[in-house]
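J.: Sharing a structure here in structure tokens format.
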There are 4 protein chains.
Amino acid sequence: MSVHVTVWNEDCAAESKEEVLAVYPRGVLGAVAAIFEGQPEFEVRTAWLSQEEAGLTEEVLDDTDVLLWWGHCKHSRVPDEIVTRVQQRVLRGMGLLVLHSGHESKIMQRLLGTQCSLRWHENKDKERIFVIEPAHPIMRGVPAWFELEAEEMYGERFDIPAPDALLAIGWYESGDVFRSACCFNMGYGKIVYFQPGPETLRSYYNPNVQLILRNAARWAARDRALDRPLHSEFAPSLEEKR
Amino acid sequence: MSVHVTVWNEDCAAESKEEVLAVYPRGVLGAVAAIFEGQPEFEVRTAWLSQEEAGLTEEVLDDTDVLLWWGHCKHSRVPDEIVTRVQQRVLRGMGLLVLHSGHESKIMQRLLGTQCSLRWHENKDKERIFVIEPAHPIMRGVPAWFELEAEEMYGERFDIPAPDALLAIGWYESGDVFRSACCFNMGYGKIVYFQPGPETLRSYYNPNVQLILRNAARWAARDRALDRPLHSEFAPSLEEKR
Amino acid sequence: MSVHVTVWNEDCAAESKEEVLAVYPRGVLGAVAAIFEGQPEFEVRTAWLSQEEAGLTEEVLDDTDVLLWWGHCKHSRVPDEIVTRVQQRVLRGMGLLVLHSGHESKIMQRLLGTQCSLRWHENKDKERIFVIEPAHPIMRGVPAWFELEAEEMYGERFDIPAPDALLAIGWYESGDVFRSACCFNMGYGKIVYFQPGPETLRSYYNPNVQLILRNAARWAARDRALDRPLHSEFAPSLEEKR
Amino acid sequence: MSVHVTVWNEDCAAESKEEVLAVYPRGVLGAVAAIFEGQPEFEVRTAWLSQEEAGLTEEVLDDTDVLLWWGHCKHSRVPDEIVTRVQQRVLRGMGLLVLHSGHESKIMQRLLGTQCSLRWHENKDKERIFVIEPAHPIMRGVPAWFELEAEEMYGERFDIPAPDALLAIGWYESGDVFRSACCFNMGYGKIVYFQPGPETLRSYYNPNVQLILRNAARWAARDRALDRPLHSEFAPSLEEKR
């Protein structure tokens, strides 16, 4: 049974700036979607902010096992009720992969409870990503480290709760480090944050970035059989009172 | 330097029901405050929902190292801006001890990102609390286990992220178990959830419950020297570009 | 590709006591093996202490993706070099499922570094196991809780490092609780401890126990492609010295 | 009540090489001890390998709240029974701070269960240490990051179990990263690994390194009141059988 992937972006291709299209002809949205397209184990759809209900209708989410989220300048335009809807879906089991500047999206802050703030600059720094948990399914097939020729620097301290698994740490030529791949379990859902991916650099063409995203989608995909209520409930005594 | 404790409740003594006052003559608010009163290392104040700004003005929070939160029926009446204010304070370092039915308070859900739901019943069950991390400062002086003659049953699954430290597990005669004491680190702040304490039972008179709350307040009290910004910031390169 | 399971026991069927054979005609060894037999996704072999090299030759381990370990009275007879060999295999990626009284086996203590001690009695207590992480692959398909009519009581405090994932907590009619299913990641390997299974009680016939063991074997099975050295190594500079 | 600190080294001053004494006139042993000397809250003693029982008699350990361990070339000469003795003390509550090349000491491997291997080179690299958990007591007063002008490179992957708290990550000009400060809770004891400190470089003169070591000693110091047995024990039923 294939994993149903919904790739979300604040911009569709038509809305993307020229300098983005120069790097990713279908925009970041299309570049991320392409990582899953043509792979029999994935069924991909795209969604974006300017669509009705930000592209994330109940129907779309009903059919989504894992949602990828890329946003940057338009975080504040995502309606709060959509954030609540996505949060509820994650808690009920939908996977969520938050990409790059999505670290300060409303949905990331809502789920993690912290600011998710960090230190940053754009200087096309070389980054080297070191695998910390080589046996984790998300790191399957990834070498001990790999390089990205030019990245936006995201540096510590990254204001997140200690992740349930720290998968990778990035080194930057600018003198910084970053917890570049992190997992969080929440409710019945799984969340992965993965740092690479500014809109005018080429990281989504990197085969290791692609491999990690495919592995992460497989790992975080919801268990469709899991369908227990997530509200408090009265529970009769399991044992007789003495 | 004493720890400044603010004990918050949805009700002050005057607002408390008769059956509550029968057990705790100063209400739950007063019962929790009494745990810290007369101890030179603590300076205690109380605050409650019907006060201006829910009793949690910026001034009060400026002077609070650790906030204790007890609420039950009036969670929804706590204004969202107060929840946001408390959340921001926790992220900046203020300790937060969430008590009993506070598990579904807005502030708990806001910080943890999950529903914090559970299974429950009121049947005056005997509970036995087992210490899981005896070397944690919060468990200092607490025996391997202790009993509460009558408690409200809070049972698993408790919908929280895996805590940074699981301090205690409760056994109930009704046949249930519960992660009854949990710690979470968020931002610069520390959060403790501790399960005992319904308003008409006597758990806040239990010396081990009292010891744990005092230990927890000491452990979670903010480091006043810690005052670094918690928003993303531009960071010049630490190393020269090659 | 099937998962190669090696089920190890301190006794083979022929060495098992009569009261064990009365419950498990092929001994505990056979009872655990039966959980994997006839399942196309698993290939099962058995091994036991009185065999040459305790049944765990390099050849056997070469062909083992996950090892199940059940021991009780004969922990001290397992040769230290076999313990070292198994430890090294786990660190290189082999999965290890430690069952019941295996909690104090040399291999468990060696890997976890603690005593793995606990409180216990044999009184055929009813146990009820509550799932704490329903979305973990090992708990897939397991109900919110299930009961074992008669178990040996293993009670907290269980002297283990905080597990990387706490999957289940057990309630006992004797008034005790236990972290009954725990995961640990070590080196490239995955370790699962699962509490049920004394030799004269019937827990290995329980369908949920069986399901958990099959799920755990699948989860912990080594990634055969992962074959990086696990010793410290000289590493030339990745960047030129300035 | 002062914290009783025992600083252990494989060499005493008289045994130290000339190039070490050129940097640290009292050897590494004396340099580490000096961090605690003259501080009223600490009482310091030193111990070293060539002493009887490696300097770690039962009497010395009886009087030790926290033990600092620095070794490099002579790991294999530490007698196994001393390693076992120290392990038992840690499990009963004694703090252990493992320094620099102590990462592959027998006691570190014994307690953590992994190889504790890493990648390394000696090239007097600049290191920059970033604080990951600024609110942890061990990081109290430490700036967001600090630099060591020349360090031995210790690089990932560091083969340790995921620490209970990851306090700091190091950046190296050689292009590497390292989890440079990690905490582990084991038994009733607390373990801290801290990476800086080769014998011919000057890191133990760095005020932040010194501050972290003092904070760590305070944090890890045993609770003398904690004295519960750490072996499995028969436990009568806490509740009557029905």
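The values are calculated or read from the model by the stated rules, or taken from the named source; none is laboratory data. Just so it is clear, the model here is predicted, and its values are computed rather than measured. So basically every Cβ, Gly included, is an ideal-geometry build from the backbone, and we count neighbours across all protein chains shown.
J.: For the range A:150-167, enumerate the residues that are of a type in the set (A, V, I, L, M, F, W, C), within 14 Å of B:MET186 (Cα to Cα) and within 9 Å of chain D (Cβ to nearest Cβ).
T.: A:PHE158, A:ALA162 - these are the residues of the range A:150-167 that are of a type in the set (A, V, I, L, M, F, W, C), within 14 Å of B:MET186 (Cα to Cα) and within 9 Å of chain D (Cβ to nearest Cβ).
J.: So B:ALA168 fits all but one of (1) assigned to a strand (DSSP E or B); (2) surrounded by fewer than 23 Cβ atoms within 10 Å (Cβ to Cβ); what number is the exception?
T.: (2)
J.: Sort out which residues of the range A:65-100 are crowded, with 24+ Cβ neighbours inside 10 Å and hydroxyl-bearing (Ser, Thr, Tyr), and write them in order of number.
T.: Of everything in the range A:65-100, nothing turns out to be crowded, with 24+ Cβ neighbours inside 10 Å and hydroxyl-bearing (Ser, Thr, Tyr).
J.: Further question on the same structure: Check B:VAL142, B:VAL131, B:VAL90, B:VAL98 and return the single one that is under 19 Å from the mean Cα position of the chain (by Cα), among the hydrophobic types (A, V, I, L, M, F, W, C) and under 22 Å from A:CYS116 (Cα atoms).
T.: B:VAL90
J.: Taking the range C:185-242, which residues are of a type in the set (A, V, I, L, M, F, W, C), farther than 30 Å from A:GLU149 by Cα and touching a Leu at 6+ places or on another chain (Cβ under 9 Å)?
T.: C:MET186, C:ILE191, C:VAL192, C:PHE194, C:LEU201, C:VAL209, C:ILE212, C:LEU213, C:ALA216, C:ALA217, C:ALA220
J.: Further question on the same structure: When both residues are 6+ apart or on different chains and their Cβ atoms are under 6 Å apart, which pairs have a first residue that lies in the range A:80-101 and is free of Cβ contacts under 8 Å to residues at least 40 places away in the same chain, and a second that is surrounded by 24 or more Cβ atoms within 10 Å (Cβ to Cβ) and of a type in the set (Val, Ile, Thr)?
T.: Close Cβ pairs (under 6 Å, with a partner that is surrounded by 24 or more Cβ atoms within 10 Å (Cβ to Cβ) and of a type in the set (Val, Ile, Thr)) amount to A:VAL83/A:ILE107; A:VAL86/A:ILE107.
J.: Same structure, new question: Have a look at B:LEU67, B:LEU112, B:LEU56, B:LEU97 and point out the one that is within 14 Å of chain A (Cβ to nearest Cβ) and not charged (D, E, K, R).
T.: Details: B:LEU67 fails: within 14 Å of chain A (Cβ to nearest Cβ); B:LEU56 fails: within 14 Å of chain A (Cβ to nearest Cβ); B:LEU97 fails: within 14 Å of chain A (Cβ to nearest Cβ).
Criteria check complete, one pass: B:LEU112.
J.: When you scan the range A:7-34, how many residues do you find that are touching a helix residue (DSSP H, G or I) at 6+ places or on another chain (Cβ under 8 Å) and acidic (Asp, Glu)?
T.: Count: 3.
So that you can scan it fast, the table gives a plain yes or no per residue for (1) part of a loop (DSSP other than H, G, I, E, B); (2) touching a residue at least 24 places away in the same chain (Cβ under 8 Å); (3) among the small types (Gly, Ala, Ser):
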| position | (1), (2), (3) |
| --- | --- |
| B:ARG179 | no, no, no |
| B:CYS182 | no, no, no |
| B:ILE191 | no, yes, no |
| B:GLY197 | yes, yes, yes |
| B:LEU213 | no, yes, no |
| B:ALA216 | no, yes, yes |
| B:TRP219 | no, yes, no |
| B:ARG224 | yes, yes, no |
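J.: Kindly list, by first and then second residue, each pair from a residue in the range A:230-242 that is surrounded by 10 or more Cβ atoms within 10 Å (Cβ to Cβ) to a residue that is of a type in the set (A, V, I, L, M), limited to pairs with Cβ atoms under 6 Å and residues at least 6 apart or on different chains.
T.: Cβ pairs passing all conditions: A:LEU230/A:LEU91; A:SER232/B:LEU118.
J.: Tally the residues that are facing chain C (nearest Cβ under 10 Å), more than 13 Å from A:PRO207 (Cα to Cα) and crowded, with 19+ Cβ neighbours inside 10 Å, restricting the search to the range A:136-146.
T.: Within the range A:136-146, residues that are facing chain C (nearest Cβ under 10 Å), more than 13 Å from A:PRO207 (Cα to Cα) and crowded, with 19+ Cβ neighbours inside 10 Å number 1.
J.: Identify the single condition in (1) within 14 Å of chain B (Cβ to nearest Cβ); (2) in contact with a helix residue (DSSP H, G or I) (Cβ under 9 Å, 6 or more places away or on another chain) that A:GLU173 does not satisfy, given that it satisfies every other one.
T.: Against the list (1) within 14 Å of chain B (Cβ to nearest Cβ); (2) in contact with a helix residue (DSSP H, G or I) (Cβ under 9 Å, 6 or more places away or on another chain), A:GLU173 comes up short only on (2).
J.: May I ask you to say which residue of B:GLU43, B:GLU37 is within 21 Å of B:TRP219 (Cβ to Cβ), in contact with a His (Cβ under 6 Å, 6 or more places away or on another chain) and among the charged types (D, E, K, R)? Talk me through it step by step, then tell me what you get.
T.: On the way: B:GLU37 fails: in contact with a His (Cβ under 6 Å, 6 or more places away or on another chain).
Criteria check complete, one pass: B:GLU43.
Here is a yes/no grid of residues against (1) within 17 Å of the chain's Cα centre (by Cα); (2) more than 9 Å from every other protein chain (Cβ to nearest Cβ); (3) at pLDDT 95 or above:
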{"site": "D:CYS182", "(1), (2), (3)": "yes, yes, yes"}
{"site": "D:GLY187", "(1), (2), (3)": "yes, no, yes"}
{"site": "D:PRO196", "(1), (2), (3)": "yes, yes, yes"}
{"site": "D:ARG202", "(1), (2), (3)": "no, yes, yes"}
{"site": "D:VAL209", "(1), (2), (3)": "yes, yes, yes"}
{"site": "D:ASP223", "(1), (2), (3)": "no, no, no"}
{"site": "D:LEU230", "(1), (2), (3)": "no, no, no"}
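J.: Restricting attention to the range A:120-135, report how many residues are at the interface with chain C (Cβ under 9 Å from one of its Cβ atoms) and within 23 Å of C:ARG218 (Cα to Cα). Write out each step before concluding.
T.: Filtering the range A:120-135 for residues at the interface with chain C (Cβ under 9 Å from one of its Cβ atoms) gives A:126, A:128, A:133-135.
Checking the rest, the ones that are also within 23 Å of C:ARG218 (Cα to Cα) come to A:133-135.
Final tally of qualifying residues: 3.
J.: Filter the range A:192-211 down to residues that are among the β-branched types (Val, Ile, Thr) and under 12 Å from A:ILE129 (Cα atoms), then give me how many there are.
T.: So the answer is 1.
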